[in-house]
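What follows is a single structure, written as structure tokens, with notes after it.
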Number of protein chains: 2
Amino acid sequence: MSKYVLEDFTEGRVFDLAPYEVDRQEVIAFAEAYDPQPFHLDEEAGKASMLGGLSASGWHVCGMMMRMICDAYLLDSTSQGTGSVDFVDWKVPVRPGDTLTGSSTVLSARVSSKKPFLGLVNLRTEVRNQRGETAAVCEHLLLCLTRQARDEEVMA
Amino acid sequence: MSKYVLEDFTEGRVFDLAPYEVDRQEVIAFAEAYDPQPFHLDEEAGKASMLGGLSASGWHVCGMMMRMICDAYLLDSTSQGTGSVDFVDWKVPVRPGDTLTGSSTVLSARVSSKKPFLGLVNLRTEVRNQRGETAAVCEHLLLCLTRQARDEEVMA
């Protein structure tokens, strides 16, 4: 019964994210699979680019952010998935050796008008590097159960 | 000299994306690394969820979309990376066995006011499955060189 439901996502509540160490081999492997631009694959190409050095794909940064979110609260929630992201801003490059931390703040939360068992939670997640620079900001939607829906599920 | 520059991204131009086959092991491996929610890991958990079956993480869908974009035009461009995504809408679940196709349409393109060598291109990318359903829509920014900047770089 410990799983977060809609009523736990009160406006302004902050969830701290656990640190994530950015690994060089992981950065390159992700880029090889999904975003093989030279500055995501190679140190020299990165230095020659506007990014100033080998940098993780922005989508890889989103993946790391998602893992941090999962470990901080999402896997302990009644998450039913999502449907959208309002925006992602990548502020500074994320590089091998960086340690990311961050937080998610509840912007708003309400019951779905179409599906009364479902909560719609808007969150703002910020990811920072070890120098305290904001590396990425994302506003995103979480779908989860209401307390009543969870309790009925547990009883069922 | 074949690399796309700002002037090639004319408003309304459409780039077709090459097909991407969604692989079960890849769906699960991505989820294990970045989004280990049960409905991204396990067929039965997927069936029991609102997603109705094992479904790729939304961020994995973005990764697949990015690879389709890379192969269609980005790796043949003077891409300098990006800074933001305006939004992502995930419309229907993406499942193992799906074949994704899609297109990117140029919404607008202009020279950066701060960096006159740099072009800012706004694109709308839609990804469809083999039934013609729109699986994901994303509006995103591409930074690339102007023709003059590319030609000067080639001459340098």
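The values are calculated or read from the model by the stated rules, or taken from the named source; none is laboratory data. Since the model is a prediction, treat every value here as computed from it, not as a measurement. Counting neighbours? That spans all protein chains shown, and the Cβs are built from the backbone with ideal geometry, glycine included. Please note that ligands, DNA and RNA were not included when accessible areas were found on the heavy atoms of the full protein model with its side chains. Shrake-Rupley method; radii C 1.70, N 1.55, O 1.52, S 1.80 Å.
Structural remarks
- Surface share of carbon and sulfur [accessible, 1.4 angstrom probe, percent] for segment A:6-156: 50
- Gain upon complete extension [B:R13, B:R131; 0.36 nm per residue less C-alpha separation]: 40.0 nm
- In the assembly of identical copies, B:T99 has its label point, taken 7 Å from Cα in the direction of the beta carbon, separated from the corresponding points by 4.8 nm (ascending, one decimal).
- Amide H partners (placed H, <5 Å) of B:V94, local residues excluded: B:A56
- Here segment B:76-105 and segment A:44-112 have alpha carbon centers that stand 17 Å from each other.
- P(r) histogram, all alpha-carbon pairs of chain B included - 10 Å bins from 0, percent: 11, 36, 28, 16, 7, 1
- √(5λ) per eigenvalue of the Cα gyration tensor, segment A:1-61, largest first, Å: 36, 13, 10
- Our coupling estimate for segment A:37-46, obtained by passing each phi through the Karplus curve with A = 6.51, B = -1.76, C = 1.60 and θ = phi - 60°, is 7, x, 6, 9, 10, 9, 4, 5, 5, x Hz, Gly and Pro reported as x.
- Inter-chain Cβ neighbour average for residues A:65-71, partner chain, 10 Å: 4
- Copy-to-copy label separations for A:F87, where each label sits 7 Å from Cα toward Cβ, in nm and ascending: 1.2
- Per-peptide average of other Cβ atoms within 10 Å, ordering B:5-16, B:93-104 highest first: B:93-104, B:5-16
- For the set B:K3/B:K115; A:K47/B:K114; A:K91/A:K114; B:K91/B:K114; A:K47/B:K91; A:K91/B:K47, the pairs lying more than 27 angstrom apart at their alpha carbons are A:K91/A:K114; B:K91/B:K114; A:K47/B:K91; A:K91/B:K47.
- Label positions at A:L107 and A:D42, each projected 7 Å from the Cα along the C-beta direction, are separated by 3.9 nm.
- Based on the reciprocal of the average 1/r between different C-alpha atoms, the Kirkwood radius for segment B:80-156 equals 14.3 Å.
- Counting all C-alpha pairs of the protein assembly as shown, share separated by more than 34 Å (%): 23
- Amide H within-cut-off set for A:G83, under 5 Å, with H built and near neighbours excluded: A:L141
- Chain B: relative contact order in percent, alpha carbon pairs under 8 Å with at least 6 residues between: 30
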